[in-house]
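Let me begin by presenting the structure, written as structure tokens, before commenting on it.
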Amino acid sequence: MTVGTERKGENPSARLREIVGRECSRGGPPGIVRVETVLPRIDALAWLRAQEAGVARFYWAGRDGEHEVAGTGVADVVTGAESDAVDSLFEQLRARLEAGATAARYFGGMRFNGECAAAAAWRDFGGYRFVLPRFELSQRGSDSVLAYQWPRSSANVDTLMREIDALVFPETAAACVHPEAAGRDDLPDRAGWDAAVAGSLALVSAGDLDKVVLARKSTFAFAAELDPLACLQALLPGAEHCYRFCFAPAPGRAFLGASPERLYRREGHRVLCDAIAGTRTRGDGASLDRQLERDLMGSDKERREQDFVVRGIHESLAPLCGSLNAGVAPSVVKLRQCQHLMSTFEGALRDGVGDAELLKALHPTPAVGGYPTGPAVREIGQREPFDRGWYAGPVGWVGRDGAEFAVAIRSALVEGSTLSVFAGAGIVAGSVPGEEWDELDYKISHFTQALNLPR
């Protein structure tokens, strides 16, 4: 159940204590309890950075500025070792959401490929991991809403009160200070990349594949441990029209990024999807930027690369929908560092189709895997010398009546004093290894510029 209040003039911790005490005294049915209090709007990321660092934390902001949420602590978690156990995941989430507060949402993600072994760096993330945060700060117009969530069956009033008293409400945001990066290691290196692209192009030429998306991991070593939330804060000025996210399941480990790509958004029976592919950098001036846009729109190679994504999504989504509208001609979406071709889909789902069916059908799209999907993913497993983990996997939230997932590109993994930044490029007939390598560099430039990393 959800208990709310609109009283904003009081100390939020004192108000929460009052609501929690009253709720615990009267009892109720089992399930997740959610209590809320409204307070004058505060910066969600600054609030999150001020909380205790030793507990799980997360941040999520929608691509169009909606659904900005920061969370700390764990009220409930659904996790598993195998990311391909999608049916089990959503069965568990559905049962918990139906028994709990109507406003509750679980936030998390899953591995790109559940069939390959997970590297040690990803051990705290699991094959999938979705968390209902203990404390959640979200934005509602000119106000912020502070929610506290806990399973009624495990409620201990003294513990709940101590947790409330530990909350911090900073008046100003802490400065974002980053240690200096001491070095950079690319995996694969340039020679390895050229060989991998050549091998994939041979399969394309033979007709075994139309497209495969190969990725690179660029790891930066720092002189001291990184603050993942400070890293995300530094990325925000260049993250217009992007999903912003950070999942920190344990101290010293976090997965964060700013992705322009929506896997899908479900609102009841309505579903929205994107097909993004094809890339050009941004021009220094308006004239050059328009020329690069025209070059992108007029490139046969880039249009074919994006068309494989459109085709793959249409083939996956059409059987799940009673009606489906898809943009035929792509438009150009402009980000701070790059511009891409994008087509949109909107459909009405058939009865009985839910998030499990959508996710299994749509992930991975040809934008991050390739086309056809099965052979492309197998090629990735053979060519890439690292574990993608959650990179290019689905990240987002699931609620009782809706869900939204981004594709976790333009992302990085924090491990103590190292930062591994991931980027991929679609390999199709006509791809040139050196040009694709350069594309990887400007795809990670939002990290290198924001954090002053070696280039």
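The values are calculated or read from the model by the stated rules, or taken from the named source; none is laboratory data. Just so you know, these numbers come straight off a predicted model, no measurement behind them. No Cβ is skipped: glycine too gets one built from the backbone with ideal geometry, and neighbour counts run over all protein chains shown. These area figures cover heavy atoms from the full protein model, side chains too; ligands, DNA and RNA do not enter into them. Shrake-Rupley method; radii C 1.70, N 1.55, O 1.52, S 1.80 Å.
Out of A250, A224, A202, I need the residue that is open to solvent by 10 Å² or more (accessible area, probe 1.4 Å) and free of Cβ contacts under 8 Å to residues at least 60 places away in the same chain. Which one?
Selected residue: A202, the only one of A250, A224, A202 that is open to solvent by 10 Å² or more (accessible area, probe 1.4 Å) and free of Cβ contacts under 8 Å to residues at least 60 places away in the same chain.
Take the residues in the stretch 56-90 that are within 20 Å of Y128 (Cβ to Cβ) and modelled with pLDDT under 90; name whichever of them is surrounded by the most Cβ atoms within 10 Å (Cβ to Cβ).
S83
For D387, which of the numbered conditions (1) touching a Lys or Arg at 6+ places or on another chain (Cβ under 8 Å); (2) buried (at least 17 other Cβ atoms within 10 Å of the Cβ) fails to hold?
It is condition (1) that D387 fails.
Within the stretch 390-406, which residues are crowded, with 24+ Cβ neighbours inside 10 Å and among the acidic types (D, E)?
If the condition is that a residue be crowded, with 24+ Cβ neighbours inside 10 Å and among the acidic types (D, E), then E404 is the only one that fits.
Against the definition (of a type in the set (A, V, I, L, M) and either in a strand (DSSP E or B) or touching a His at 6+ places or on another chain (Cβ under 9 Å) (or both)), how does A429 come out, yes or no?
No: the conditions fail for A429.
Name the pairs whose Cβ atoms lie under 6 Å apart, with the first residue in the stretch 106-126 and under 14 Å from P364 (Cα atoms) and touching a residue at least 24 places away in the same chain (Cβ under 8 Å), the second crowded, with 19+ Cβ neighbours inside 10 Å and of a type in the set (K, R), and 6 or more positions between them or separate chains?
The qualifying pairs are F112/R388.
Which strands (runs of 3 or more DSSP E) sit wholly inside the stretch 13-95 and have at least 1 residues that are touching a His at 6+ places or on another chain (Cβ under 8 Å), closer than 30 Å to P237 by Cα and not polar (S, T, N, Q)? Talk me through it step by step, then tell me what you get.
On the way: elements: 32-40, 57-61, 69-80.
Hits in the stretch 13-95: 57-61.
Regarding R294, is this residue more than 13 Å from H340 (Cβ to Cβ), over 23 Å from the mean Cα position of the chain (by Cα) and either at pLDDT 95 or above or of a type outside the set (A, V, I, L, M, F, W, C) (or both)?
Judged against the criteria, R294 is a match.
For G126, work out the one condition from (1) surrounded by fewer than 19 Cβ atoms within 10 Å (Cβ to Cβ); (2) part of a loop (DSSP other than H, G, I, E, B); (3) within 18 Å of the chain's Cα centre (by Cα) it doesn't fulfil.
Failing condition for G126: (1).
Hey, which of the strands (runs of 3 or more DSSP E) in the stretch 271-377, taking only ones fully inside, have at least 1 residues that are touching a residue at least 60 places away in the same chain (Cβ under 8 Å), open to solvent by 10 Å² or more (accessible area, probe 1.4 Å) and not acidic (D, E)?
331-334, 338-349
Looking at the stretch 176-188, is at least one residue at pLDDT 90 or above, within 30 Å of E23 (Cβ to Cβ) and within 26 Å of the chain's Cα centre (by Cα)?
Within the stretch 176-188 (the criterion being at pLDDT 90 or above, within 30 Å of E23 (Cβ to Cβ) and within 26 Å of the chain's Cα centre (by Cα)), the answer is no, since none of the residues qualifies.
Kindly provide the set of residues from the stretch 100-120 that are among the small types (G, A, S) and at pLDDT 95 or above, ordered by number.
Keep residues of the stretch 100-120 that are among the small types (G, A, S), which gives 100-101, 103-104, 108-109, 114, 117-120.
Across the stretch 100-120, the qualifying residues are G108, G109.
Restricted to the stretch 408-426, and to residues that are crowded, with 17+ Cβ neighbours inside 10 Å and in a loop (DSSP other than H, G, I, E, B), which residue is farthest from the chain's Cα centre (by Cα)?
This residue is R410.
Tell me which residues, restricted to the stretch 161-175, are at pLDDT below 90 and under 20 Å from L232 (Cβ atoms).
Correct list: P170, T172, A173, A174, A175.
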